[in-house]
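Let me begin by presenting the structure, written as structure tokens, before commenting on it.
The values are calculated or read from the model by the stated rules, or taken from the named source; none is laboratory data. Not measured: the values here are computed from a predicted model. Quick reminder, even Gly has a Cβ in these numbers, built from the backbone with ideal geometry, and neighbours come from all protein chains shown. SASA here: full protein model, heavy atoms, side chains in, ligands and nucleic acids out. Shrake-Rupley method; radii C 1.70, N 1.55, O 1.52, S 1.80 Å.
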Amino acid sequence: MTRPDDGPAYPELRHARYAQCVLVLVGLLKAVDTQIIGLLIEPMKRELQLSDLQLGIAHSTSYYVVYGLLAIPMGMLVDRVVRVRVLIAAMLLWGAGVLLTGLARDMWLFALAKAVMGAGGAFTYPAAMSLIADYFDRDRRAFATASYAMGQTLGSAGAVLLGGLGYAALASAAAADPALLMGVSPWRALLIASAALTLLLVPFMLAMREPARLEMGGIRGGPRALLAHRRFLVPLFVGMFFMSGVSSGVQVWIIPALMRLHHLQPGDFAVALSLAFLGTSLLGLLISSRFANIARTRGGDRRLVLPAAIAALLCAPASCLAMMPDLASLAVLGIVFLVACSVAVSIPVIAINFRIPNELRGAAIGIYVLVISITAALGAPLIGATSDLLGGSAMLGHAMAAVAVPFALFAALSFWAATWGDDTKAPAVAGDPQ
């Protein structure tokens, strides 16, 4: 066990690794649910008779509005209560939202279901990040923090593979025997099964141990004390505002782009896309943790965000992937985008877990979630509205680029500015390089 200064020790590594595995599974199963819903957008749109704008509002805006509104209160709560209990409540709420999505009969019920998922997500992320910071010392923390994002990307990969093939199998079986699913649409059956899988994780969460709160800075004044870190946090949050628009917008619409522009069905690209998610997840994890440690070693905690600035810059040209005339060039840009996006969204959270004192981390993560929720709520509908404005489905790739490219450039500039913040740093820990 590692002991910071003369205070409580970090948990034994076996307990920390168990918690890390559970938290990775939390991120993975949440991503499975999210990606499966994204994968099923087209059949959902047809059955619920939604326009692109209505789809964007129900699918993304309702989720991120609730996610954002609850982010700061939940972040503050995480700084004060037993985080493992918060996490269990969050996953129960999340599973209920996925189930309601599968039962939705119109746009408003779909939006309500996604709002319930948003509430569960608002609990989950601050609790998971706060727990990781107290389970792992500073030498292991970058990798542990990035591993949650790896779980999310692995979940996306698994969802594309299993969801795509599963939907194709269910649709084929239902066509051959309409009574097989008892009148339930294949996409509904898939979402109900996904909700049940998510709830199976709860017993493993009950075995997690709540770690002691370490690296306390003796901070008083609540979230207002974050003002001492404003030269770091303000550009960081601005960068994530734009980066979230890139990430959510492109990833929501890339599957519809494959289906509309290249006339593919989920079963046609499920294996290839899942392998791409898997490979980019592992690569993004390695790059995030490795380059975060390199930047920290060479320039101190201030330079932790530099890899995110470079990654965001790469996202600008890669956001044009849906404009490519063939699948090969789309695949190349898609891989670049997924790796760069993974790094750009992982590094800022790693930086917060290093630079912000323990009693302020939940609040900082809550503000971070609120900021990304605002633009994530706008990203997908903005691309949908731009597509409608440009002429409909055939212009979806141009609409994605028109929104994502300038957002990525602004994100890169903001992350670079965050590397120059020289305000108060997190308290030093014994053995931590200065």
**Message:** Within the stretch 67-86, does at least one residue satisfy the condition of being touching a residue at least 12 places away in the same chain (Cβ under 8 Å), of a type in the set (Asp, Glu) and under 22 Å from residue 393 (Cβ atoms)?
**Reply:** no
**Prompt:** Is it the case that residue 275 is modelled with pLDDT under 85 and not in a helix (DSSP H, G or I)?
**Reply:** no
**Item:** Selected residue (only one of 98, 184 is surrounded by 18 or more Cβ atoms within 10 Å (Cβ to Cβ) and either more than 30 Å from residue 294 (Cβ to Cβ) or in contact (Cβ under 8 Å) with a residue 60 or more places away in the chain (or both))
**Value:** 98
**Message:** Criterion first (crowded, with 19+ Cβ neighbours inside 10 Å, over 18 Å from the mean Cα position of the chain (by Cα) and outside any loop (DSSP other than H, G, I, E, B)) does residue 191 satisfy it?
**Reply:** yes
**Item:** From 348, 381, residue being modelled with pLDDT of 85 or more and surrounded by 21 or more Cβ atoms within 10 Å (Cβ to Cβ)
**Value:** 348
**Message:** Can you tell me how many residues within the stretch 287-334 are under 21 Å from residue 411 (Cα atoms), of a type in the set (A, V, I, L, M) and either free of Cβ contacts under 8 Å to residues at least 12 places away in the same chain or touching a Leu at 6+ places or on another chain (Cβ under 9 Å) (or both)?
**Reply:** 12
**Request:** Count, please, the residues in the stretch 128-180 that happen to be in a helix (DSSP H, G or I), open to solvent by 10 Å² or more (accessible area, probe 1.4 Å) and over 27 Å from residue 283 (Cβ atoms).
**Result:** 10
**Request:** Those residues that are β-branched (Val, Ile, Thr) and open to solvent by less than 10 Å² (accessible area, probe 1.4 Å), I need them from the stretch 360-378; list them, please.
**Result:** 365, 369, 375
**Request:** Report the residue count in the stretch 30-70 for those that are open to solvent by 50 Å² or more (accessible area, probe 1.4 Å) and among the basic types (Lys, Arg).
**Result:** 1
